[in-house]
Amino acid sequence: MNRLMKHREVWLALAIVLVVVLVTLRFSRFAQPANLLTIFNDTSILMMLALGQMAVILTRSIDLSMASNLALTGMIVAMLNAAFPGVPIPALMALSVLIGAGLGAFNGVLVWKLDIPPIVVTLGTLTIFRGMVFVISGGAWVNAAQMSADFIAFQRVVFLGLPVLSWFAIVVAALFYVLMTRTPLGRAFYAIGVNPTASVYTGINVGRTKFMAFVISGAVAGLCGYLWISRYVIASTEVAGGYELTIIAACVIGGVSIAGGIGSVGGVLLGAIFLGVINNALPVINISPFWQMAISGTAILLAVVLNARGERSKGRIILKTAEIA
Amino acid sequence: MTDTSLHRSLPDRLDNPLRSALLSWESLLVLVAVVIFIVNSFASPYFLNAWSLSDLTFNFTEKALIALAMALLIIAGEIDLSVAAIIALASTLMGLALQYGADTPVLVAIGVGTGIACGAVNGFLVTGLKLPSIVVTIGTMSLFRGISFIILGDQSFKGYPKSFSWFGQGYVWGVISFELVLFVLCAVIYFVLLHRTNFGRRVFAIGNNAVAAQFSGVRVDRIKFVLFCLTGLMSGVAAVLLTARLGSTRPSIAEGWELEAITMVVLGGVSIVGGAGSILGVVLAAIIMGLVTFGLGLLNVPGIVMSIFIGGLLIVVIALPILFRMWRQRT
């Protein structure tokens, strides 16, 4: 299975290289390192969000509320910053992670304790969280003039040749790699997705593990809330509207199986980068940005066809139900 | 579906326990609807008025038309997230045809035809290529709406003929709108289809256990394909009504409707993992959502705040019976 996965990631990496080469033929400066680093930086937030989503999807769940969580957390942090410019940025960031994790825990408790299907829970919180943004802000925007200089500048500081935002993506990706491959919790995510019944017999608490997955996706969404707001320097009710599906798209393109149990950190990063490259390439080769949506839709469909090829050979048992004690 | 790991038990006798459970869900919905209706009539002096109530129906009929077909699809264990994108594409193609001088019958045919075609694409990808519907329809959702964006960009189509506008703005008798009549008609058709035909029984069978259904001679893939086409068809019909009502087409038309339609279905008591649900519940849920949004609208509550109520309603109505059951088991 590992060889197969590697295979997939190699193909995806080749597809990305192909796009870069094709665009470079039309516009020679596209492949310059500086531009590629810009694309990486542009994609950082999507990469982190997709990794959080992966943790949830691995456990056969789905988190549709990530974009709304991001918008709500971002608005809270932005309003705090506007009201109390003195609060240091690391404190605001820690707060955004906590708020995000709290919102994720709300999803997680409903899934864990009440056994409500995750798609229903997060469909509900998707609208609730976004509505809350409007309630706390009264529909008003927080714009650049109201934010403190540090709030905006922090993620743009260049450290060892890369902006802090890119470093965030790298560190979060490294943490996820360790979590997914070197910790019992990460392995439990996979185990639940592959076979919930067997997981119960091996002593994994299925409900609590799902809860942890939601807390993690929530914490990532919260962190990205601050990063998104300080990147685009506007906090409003519409921030990241509909982005939940882009996050899931990055996962699917990266080879995460929506049926759970299959997915890798590397694949998800490549999936996000693929979308990022496409989005950056279109304006360069003079294709109207209005094509973007149809192209990413086609990419999702192609990816899911390829995913299905890889999975079918394995013959997993997916009809067994979990016996949650 | 994403989650197949829920408890599912088949009662040894069908009638009593199942029916009483279903009845209690729908009576709960009726209760909620009545309470909201009463609260509304006290909260606003403008509520209890034939024209207000008639306007209210426009709040849910179009989405509810989609929810009827979506209910069958979800009962069969699949889902379609692309319905709102189908509306956008159907509406855009109608607008495009209008630019070439198409007449009302042609416009309607294009709208409905586009819906069926999109549904067939989804159905083929899910049943023909054996792909999970949730991912397929996230993909086609981007694709269909993406095509509208390619055709329209930031422009809009306007100038639909009067005879076309009637579908969204016309009244059949007094305050009874065409949309309402069509919805009632479709609700009856879907009720009969789901609860009174072999086809309906097979839909339930597939949702409870697709493999067992297959071995009992149910053509699972064909039925699922038909259900996707039906959902596409209803989205096409909704596109005709919505376009006629608004009188214009933008690529962002009906954004977010897929989630509202699914909320109606789930609120109506349809199990998101498939195998259970009723049309009556979906109709009641549609009415409840219409009442909530219209009542809050009369109180000048902005739409985004209403969505908190809708989302909260969804979670609370699902959670209450579960909490009640847990509480009863404990004592």
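Here are some notes:
- Neighbour counting of Cβ atoms within 10 Å sorts the residues A:Ser28, A:Ser217, fewest neighbours leading, into A:Ser28, A:Ser217.
- As a proxy for reagent exposure, ranking A:Leu103, A:Leu110, B:Leu31, A:Leu49 by other Cβ atoms within 10 Å from fewest up yields B:Leu31, A:Leu110, A:Leu103, A:Leu49.
- Averaged over residues, the count of other Cβ atoms within 10 Å places the peptides A:272-284, A:246-258 in the sequence A:246-258, A:272-284, highest first.
- Kirkwood radius, the stretch B:133-173, all distinct C-alpha pairs, inverse of mean reciprocal distance: 13.0 Å.
- Gyration tensor (alpha-carbon) shape descriptor, the stretch B:111-249, a/c threshold 1.5: oblate
- Rounded Å value of the spacing that divides the Cα centres of the stretch B:291-328 and the stretch A:3-82: 34
- Projected-area average for the stretch B:219-300 over all orientations - Cα convex hull basis, square nanometres: 7.0
- Zero-based 10 Å bins, Cα pair distances in the stretch A:60-147, whole percents: 17, 43, 28, 11, 1
- Between the stretch B:165-234 and the stretch A:212-277, the alpha-carbon center distance in angstrom: 35
- Cα point-scatterer Debye curve for the stretch A:119-274, base-10 log of I(q)/I(0) at q = 0.13, 0.14, 0.21 Å⁻¹: -0.77, -0.88, -1.46
- Mean residue ellipticity at 222 nm, helices only, the protein assembly as shown: -24500 deg cm²/dmol; runs of at least 4 DSSP H residues each add -39,500 (n - 2.57), and the sum is divided by the number of residues.
- Computed FRET value (nearest 0.05) for A:Arg208 with A:Phe27, which takes r as the C-beta separation and R₀ as 45 Å: 0.35
- Potential extension, A:Val135-A:Val109 segment - 0.36 nm per residue separation minus Cα distance: 7.0 nm
- Charge dipole (chain A, unit charges on Cβ, about Cα centre) - positive-most of A:Ala173, A:Leu36, A:Pro184: A:Pro184
- Dipole orientation for the protein assembly as shown: of the candidates B:Leu320, B:Ala33, B:Leu180, B:Leu320 has the Cα lying most toward the positive pole (charges on Cβ; Lys, Arg +1; Asp, Glu -1).
- Each 10 Å bin from zero holds the following percent of Cα-Cα pairs in the protein assembly as shown: 3, 15, 26, 28, 19, 8, 1, 0.
- Shielding by partners for peptide A:284-295, expressed as the average number of C-beta atoms from other protein chains within 10 Å of each residue's C-beta, is 4.
- In the stretch A:1-82 the Cα-Cα distances spread across 5 Å bins starting at 0 as 3, 11, 11, 16, 17, 14, 13, 10, 4, 1, 0 percent of all pairs.
- By other beta-carbon atoms within 10 Å, ranking B:Trp173, A:Trp291, A:Trp112 with the fewest at the front produces B:Trp173, A:Trp291, A:Trp112.
- Nearest-20 debye value, the protein assembly as shown charge dipole, Cβ charges on Lys, Arg, Asp, Glu: 1500
- Compactness index (Cα Rg / 2.2 N^0.38 Å), the stretch B:15-330: 1.00
- Close amide H pairs (under 5 Å, H built 1.01 Å from N) link B:Val172 with B:Ser177, B:Phe178, residues at least 5 positions away or on another chain.
- If you look at the Cα atoms of the stretch A:1-141, you get an Rg and a Dmax of 19.7, 56 Å.
- Each peptide in A:170-182, B:60-72, B:319-331 gets a packing score, the mean of other Cβ atoms within 10 Å over its residues, and the list from highest to lowest is B:60-72, A:170-182, B:319-331.
- Shape descriptor for chain A: Rg over Rh equals 0.97 (Cα atoms; Rh from the Kirkwood inverse mean 1/r).
- Here is what passes the span test in chain A: the DSSP H helices with alpha carbon length of 27 Å or more along the helix axis and a Kyte-Doolittle mean of -0.5 or above are A:2-26, A:33-58, A:89-113, A:118-137, A:206-232, A:265-284, A:292-312.
No lab work stands behind these numbers, since they all come straight from the coordinates. For clarity, every value in this text was computed on a predicted model and none was experimentally measured. Because the Cβ atoms are built from the backbone with ideal geometry, glycine has one as well, and the counts that use them run over all protein chains shown.
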